[in-house]
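Notes follow the structure.
Nothing in this text is a laboratory measurement; each read-out follows from the coordinates by a stated rule. What you see is a predicted model, and the numbers here were worked out from it, not measured in a lab. Every residue, glycine among them, receives a Cβ derived from its backbone with ideal geometry; neighbour counts consider all protein chains shown.
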Amino acid sequence: MSPQNPSGEFELEILQDCESVVKYLHALSEGFLNNQIVLGGKKKQILFEPKGLIKFKIKARRRGNENKIIIKFSWEESSRRNPLPKTLIIDKK
């Protein structure tokens, strides 16, 4: 199935070993480098094309035996955030 845009949602929660997590993080970093990230499953995929400035947030917590790291990326589509400037015409007469 081809990736869909412009809207949609995808969430995944699975138990993985450290090596598998590294593979996911590597794929995510490659997606940022190539300005194209596809997330999803067999039935639905979402295409993201991150460009420009990206907000990066990381939160870490340890409570007893429970450890948690939350990583969040957010950005606005460039067409909405930075509209093309209007053409300036200067005419000398």
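Would you mind getting me the FRET efficiency between Asn35 and Asn65? Use the beta-carbon distance for r and R0 = 41 Å, nearest 0.05.
After rounding to 0.05, the efficiency reads 0.55.
Counting charges near Asn34 (Lys, Arg +1; Asp, Glu -1) among other residues having Cβ under 15 Å from its Cβ returns a value of -1.
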